[in-house]
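Here's the structure we're looking at; comments come further down.
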Amino acid sequence: MNRRDFLGSMAATAAVGQIVNMPLPIGENVRSPLPRAKWLENGLIDAGGSHEPYLFVVRRGGERLDARKDYEWNQSEELIRTLHGQGIEVFHTHLYKGFGMAAEKPEMEDARRVAAIAHRYGMKVDSYIQWNTMMYETFFAEEPRAKDWIQRDVSGLPILLVYGFQQSYRYRPCFTHQEYLDYLKQIVRYAVEEVKTDFIHFDNFDLNEEPDSCHCPACVEGFRAFLRAKYTPEKRRERFGFENVDFVNPPQWNRENRPEKMAIIFDPAIQEWIDFRCQVMADALRQMAEYIRSLNPEVAVEINPHGITGGNRAWENAIDHARLLTSTDVIWTEEENPCVYMADGRLISKIRSYKLARAFHNILLAYITDSDVAMAESLAFNQTLGFAGSAPLSPRMLQHVAFYRKNRELYVGAEDVAPVGVLRSYASLTYHHARAQLSAILVEQALIQSRTPFQLVFDEPLPDLSKLDVLVLPDSECLSDEQLARIRSFVERGGGLVAVGQAGVYDEWRRLRPEPGLKGLVAGQTPARDYEEEVQETIVAGPSRRKNYGRGRVVYLPTAQFDGPLPEREDYFNISNRFWKRPRNWEEIVTAIRWAANADLPLEVSGPDFLVANLVEQPARQRRLLHLVNYNAAKTPAISSLRCTIRVPSGKVVKEVMMYEVDAESPRPISFTPGPSSATFTVPQMKTYAVIAVNWS
Ligand SMILES: [Zn+2]
């Protein structure tokens, strides 16, 4: 029995009060990627249409008196013909909002008719399905069993979606209930077989923050069964001090100790409850993705969990991207991070979310239509446009669509060239977010604003490190013995390591290591603290140190320093974009990485700190492509005389450098000086976005 069947049967047995007791491997399958829909390899230009059914617009209230006309226009042939003529390739439209199939059937039939029109124009269809809403007023009338499928808080009250003040008719279903997932499968089947959709968008993919977590009988019993399945009795004794977890409950809170004020998560049951919530979401998604693929392997699966926002996503929202993006082709982020360079020196972007998506071969969808920089950022870091908006599309968007379609071959099949890896350690970020997230954000910010080519590395398990020149551990406090051994071996074989602050001083349960985990690799770490009732901030200080180790190089940096007074703490220690500023010691960080690499990085580009670069490669076309984005285009519309060196694979000779811009009719050659496996050239001037193709033979 695999885990999802297990959870399903567990839910059924829990209802009759039985105790399930069987050790099972937990969640291994969600760590390996599902096959992807092949058509997306050609990129994505998606636009709507509206995802709201008329029924919802009415129930929500406050609608225009001509809302019905608007609903009809949003699925009219006229609209589809217009979008098709504008180069849109995927039509986004409504399908299911959460009222129950009986209530929504007429509008689901509309969605089916609309899909047929879009298909007639050669477009693909993107269908909106609500993952996480049960509008109980109609749903309970259709399906009386659904009263047992909703999430309930510790007092037994339904848990709601959190829109404004007035949507208390939107209950959240509980994803440990197999019956709810089976219900959702009927909608998915309708989407694939009747609508013949090409793309399923699952909206609202998350859970509420504590104390709003589900305490329904299936979750309580599911949590205990999860602990039994995850750990042997001996391991449970090591984890909790006792073996019998039959009476362990989800965590509860009190007025003096609010969950949003908890700085460090020590409690093993809270740590495991976070893992359980993440796993329930990942398992439910995997089950649905496998079902979709079984009906039609070419239907793309997309969820809306948001990307890297600076929040503690696992703790707050049961989102561990590393367990989700193995099941998806595409993810949405609605994060409020515009692409802009602020007067106080912050560079706000969605680059982290794009890099997250790329790490799992996903495409990211975001609202990009209002800004040239956002469109450029998507082309540069997503290697496609993604979501072009809702009709009517803006003239600038249409110019970007036209540019992308004309020059599509610059993007298709491009692979990131990023030999620096920044570890986003699940346990470190989840259990001590205030330190580990801030450190990760600041290191990433230094790399972004210095145009250092990097990728994000996720753990559990760590990927193959041999493809990296340098691994950075930004206060990655909680590393397992196995991870430490892998890191040590990577350095022994010639890899570079930059360890920041408290990296490696705890194990994966955040138990203090009497000997620091990176002992021998780094020295001089400030002693770390074990359990404390009142958490005190550990001030880390000392000199940075360099060291050769095996065939590799190691740099220890005590800290990534925020530049200026640290902003006030937010709830849940959210490291929102108020913190997204180049750290004071950015040069030290970048220099350390370059030294540890012990090799030339593949690009060097001069320019201001609001100029950002991304380098990709198309091996079959024998070229590397440098994408440059000016985040301060609003105040500095053009940047001149950018000195660039791009390295190509060893032994290759550069034969041509061409520059492409959105507003230029055709690409133009740039004169260059060839070097050994490299080209050096000057970009005379660029505006918001430029692509420079460096071709070799
Ligand atoms: Zn539940």
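The values are calculated or read from the model by the stated rules, or taken from the named source; none is laboratory data. Because the structure is a prediction, the values reported are computed rather than measured. We place every Cβ from the backbone using ideal geometry, glycine too, and count neighbours over all the protein chains shown. Surface areas here come from the heavy atoms of the whole protein model, side chains and all, with no ligands, DNA or RNA. Shrake-Rupley method; radii C 1.70, N 1.55, O 1.52, S 1.80 Å.
Please report, ordered by residue number, the strands (runs of 3 or more DSSP E) entirely within region 609-686 with at least 2 residues that are modelled with pLDDT of 95 or more, surrounded by 18 or more Cβ atoms within 10 Å (Cβ to Cβ) and aromatic (F, W, Y).
Result: empty, no element qualifies.
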- Evaluation of V443 against (1) open to solvent by less than 10 Å² (accessible area, probe 1.4 Å); (2) without any contact (Cβ under 8 Å) to a residue 40 or more places away in the chain (one fails), failing number: (2)
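Out of the residues in region 164-177 meeting the condition of being under 26 Å from the mean Cα position of the chain (by Cα) and either surrounded by fewer than 21 Cβ atoms within 10 Å (Cβ to Cβ) or assigned to a loop (DSSP other than H, G, I, E, B) (or both), tell me which one is farthest from the ligand (Cβ to nearest atom). Full working, then the answer.
Applying the first criterion (under 26 Å from the mean Cα position of the chain (by Cα)) to region 164-177 yields 164, 170-177.
Adding the requirement that they be either surrounded by fewer than 21 Cβ atoms within 10 Å (Cβ to Cβ) or assigned to a loop (DSSP other than H, G, I, E, B) (or both) leaves 164, 172, 174-177.
Details: G164: 24, R172: 9, C174: 3, F175: 8, T176: 5, H177: 7 Å.
Among those that are under 26 Å from the mean Cα position of the chain (by Cα) and either surrounded by fewer than 21 Cβ atoms within 10 Å (Cβ to Cβ) or assigned to a loop (DSSP other than H, G, I, E, B) (or both), it is G164.
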- Message: With the requirement that a residue be outside any loop (DSSP other than H, G, I, E, B) and more than 30 Å from the chain's Cα centre (by Cα), what does region 115-135 give you?
- Response: A116, I117, H119, R120
- Query: Regarding N249, is this residue at pLDDT below 95, of a type in the set (S, T, N, Q), more than 14 Å from the chain's Cα centre (by Cα) and open to solvent by 10 Å² or more (accessible area, probe 1.4 Å)?
  - Reply: no
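I'm trying to understand the selection: among the residues of region 102-118, which are β-branched (V, I, T) and open to solvent by 10 Å² or more (accessible area, probe 1.4 Å)? Talk me through it step by step, then tell me what you get.
Quick first cut of region 102-118, residues β-branched (V, I, T) only: 114, 117.
The answer is I117, and nothing else.
Matching residues to (1) of a type in the set (S, T, Y); (2) within 16 Å of the ligand (Cβ to nearest atom):
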residue	(1), (2)
E179	no, yes
L184	no, yes
V195	no, no
F205	no, no
H215	no, yes
C219	no, yes
R224	no, yes
Y231	yes, no
R237	no, no
- Out of (1) under 20 Å from L601 (Cβ atoms); (2) surrounded by fewer than 24 Cβ atoms within 10 Å (Cβ to Cβ); (3) hydrophobic (A, V, I, L, M, F, W, C), what's the single condition that is false for V412? (1)
- Task: Please specify each residue of region 375-398 satisfying the condition of being open to solvent by less than 20 Å² (accessible area, probe 1.4 Å), among the hydroxyl-bearing types (S, T, Y) and either more than 16 Å from T333 (Cβ to Cβ) or not in a helix (DSSP H, G or I) (or both).
- Result: T384
- Number of the exception - D70 against (1) of a type in the set (D, E); (2) free of Cβ contacts under 8 Å to residues at least 60 places away in the same chain; (3) not in a helix (DSSP H, G or I): (3)
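Taking the condition of being touching a residue at least 24 places away in the same chain (Cβ under 8 Å) and either surrounded by fewer than 17 Cβ atoms within 10 Å (Cβ to Cβ) or aromatic (F, W, Y) (or both), how many residues in region 541-551 meet it? So that I can check it myself, show each step before the final result.
Quick first cut of region 541-551, residues touching a residue at least 24 places away in the same chain (Cβ under 8 Å) only: 544, 546-547, 549-551.
Next, from what is left, pick out any that are either surrounded by fewer than 17 Cβ atoms within 10 Å (Cβ to Cβ) or aromatic (F, W, Y) (or both): 546-547, 549-551.
Residues that pass the stated criteria total 5.
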- Return the pairs, sorted by first residue and then second, in which the second residue is open to solvent by less than 20 Å² (accessible area, probe 1.4 Å) and within 12 Å of the ligand (Cβ to nearest atom), the first residue lies in region 198-226 and is part of a helix (DSSP H, G or I) and of a type in the set (D, E, K, R), the beta carbons are less than 7 Å apart, and the residues are 6+ apart or on different chains. E221/M10; E221/A14
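For region 356-383, what are the residues that are under 18 Å from L611 (Cβ atoms) and charged (D, E, K, R)? Even if it seems obvious, please write down each step before you answer.
Filtering region 356-383 for residues under 18 Å from L611 (Cβ atoms) gives 371-381.
Matches in region 356-383: D372, E377.
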- Message: Cβ-Cβ under 6 Å, sequence separation 6+ or interchain: first residue in region 573-585 and hydroxyl-bearing (S, T, Y), partner open to solvent by less than 10 Å² (accessible area, probe 1.4 Å). Which pairs?
- Response: S576/G310
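Among the listed residues Y96, Y54, identify the single one that is under 21 Å from Y169 (Cβ atoms), within 25 Å of the chain's Cα centre (by Cα) and at pLDDT 95 or above. So that I can check it myself, show each step before the final result.
Numbers: Y54 fails: within 25 Å of the chain's Cα centre (by Cα).
That would be Y96, the only listed residue that is under 21 Å from Y169 (Cβ atoms), within 25 Å of the chain's Cα centre (by Cα) and at pLDDT 95 or above.
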- Item | V554 vs. criteria open to solvent by less than 30 Å² (accessible area, probe 1.4 Å), closer than 23 Å to A592 by Cα and modelled with pLDDT under 95 | no
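Just to be sure, is F99 within 30 Å of V220 (Cα to Cα), open to solvent by less than 80 Å² (accessible area, probe 1.4 Å) and in contact with a strand residue (DSSP E or B) (Cβ under 9 Å, 6 or more places away or on another chain)? Step through it out loud before you land on a result.
On the way: within 30 Å of V220 (Cα to Cα): yes; open to solvent by less than 80 Å² (accessible area, probe 1.4 Å): yes; in contact with a strand residue (DSSP E or B) (Cβ under 9 Å, 6 or more places away or on another chain): yes.
Spelling it out, F99 is indeed within 30 Å of V220 (Cα to Cα), open to solvent by less than 80 Å² (accessible area, probe 1.4 Å) and in contact with a strand residue (DSSP E or B) (Cβ under 9 Å, 6 or more places away or on another chain).
Among the residues in region 411-420, are any part of a helix (DSSP H, G or I), at pLDDT 95 or above and closer than 24 Å to N614 by Cβ? Outline the logic, then answer.
Let us first name the residues in region 411-420 that are part of a helix (DSSP H, G or I), namely none.
No, because not a single residue in region 411-420 is part of a helix (DSSP H, G or I), at pLDDT 95 or above and closer than 24 Å to N614 by Cβ.
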- Task: Could you figure out which of (1) open to solvent by 10 Å² or more (accessible area, probe 1.4 Å); (2) farther than 21 Å from H306 by Cβ isn't true of V401?
- Result: (1)
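Within region 246-288, which residues are assigned to a helix (DSSP H, G or I) and not hydrophobic (A, V, I, L, M, F, W, C)? I'd like the intermediate steps shown before the answer.
Within region 246-288, the first condition is being assigned to a helix (DSSP H, G or I), and the residues that meet it are 259-261, 268-288.
The answer is P259, E260, K261, P268, Q271, E272, D275, R277, Q279, D283, R286, Q287.
Could you list, in sequence order, all residues of region 257-280 that are more than 30 Å from D530 (Cβ to Cβ) and in contact with an Asp or Glu (Cβ under 8 Å, 6 or more places away or on another chain)?
Answer for region 257-280, where residues must be more than 30 Å from D530 (Cβ to Cβ) and in contact with an Asp or Glu (Cβ under 8 Å, 6 or more places away or on another chain): there is none.
Taking the criterion of being basic (K, R), farther than 30 Å from K38 by Cα, open to solvent by 30 Å² or more (accessible area, probe 1.4 Å) and not in a loop (DSSP other than H, G, I, E, B), would at least one residue in region 148-161 satisfy it? Don't jump to the end; show me each part of the working.
Taking region 148-161 and keeping what is basic (K, R), we get 152.
Now narrow it down to the ones that are farther than 30 Å from K38 by Cα: 152.
Going one step further and asking which of them are open to solvent by 30 Å² or more (accessible area, probe 1.4 Å), we end up with 152.
Remaining after also requiring not in a loop (DSSP other than H, G, I, E, B): 152.
Looking through region 148-161, at least one residue is basic (K, R), farther than 30 Å from K38 by Cα, open to solvent by 30 Å² or more (accessible area, probe 1.4 Å) and not in a loop (DSSP other than H, G, I, E, B).
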- Residues in region 286-343 that are open to solvent by 30 Å² or more (accessible area, probe 1.4 Å) and either within 30 Å of V612 (Cβ to Cβ) or in contact with a Phe, Trp or Tyr (Cβ under 9 Å, 6 or more places away or on another chain) (or both) total 10
- Task: List the number of the failed condition for R68; all other conditions in (1) out of contact with any Asp or Glu (no Cβ under 7 Å at 6 or more places or on another chain); (2) modelled with pLDDT under 95; (3) open to solvent by 10 Å² or more (accessible area, probe 1.4 Å) hold.
- Result: (2)
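Is it the case, given these coordinates, that D283 is charged (D, E, K, R) and either within 16 Å of the ligand (Cβ to nearest atom) or touching a strand residue (DSSP E or B) at 6+ places or on another chain (Cβ under 8 Å) (or both)? Walk me through it before giving the result.
Working: charged (D, E, K, R): yes; either within 16 Å of the ligand (Cβ to nearest atom) or touching a strand residue (DSSP E or B) at 6+ places or on another chain (Cβ under 8 Å) (or both): yes.
Criteria met by D283.
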- Message: One residue is enough: does region 140-147 have a residue meeting the conditions surrounded by 14 or more Cβ atoms within 10 Å (Cβ to Cβ), more than 14 Å from the ligand (Cβ to nearest atom) and in a helix (DSSP H, G or I)?
- Response: yes
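Does V401 fit the bill of being out of contact with any Leu (no Cβ under 7 Å at 6 or more places or on another chain) and not basic (K, R)?
Details: out of contact with any Leu (no Cβ under 7 Å at 6 or more places or on another chain): no; not basic (K, R): yes.
Answer is no for this residue.
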- Message: Residues that are within 16 Å of the ligand (Cβ to nearest atom), hydrophobic (A, V, I, L, M, F, W, C) and touching a Pro at 6+ places or on another chain (Cβ under 7 Å): does region 261-280 have at least one?
- Response: yes
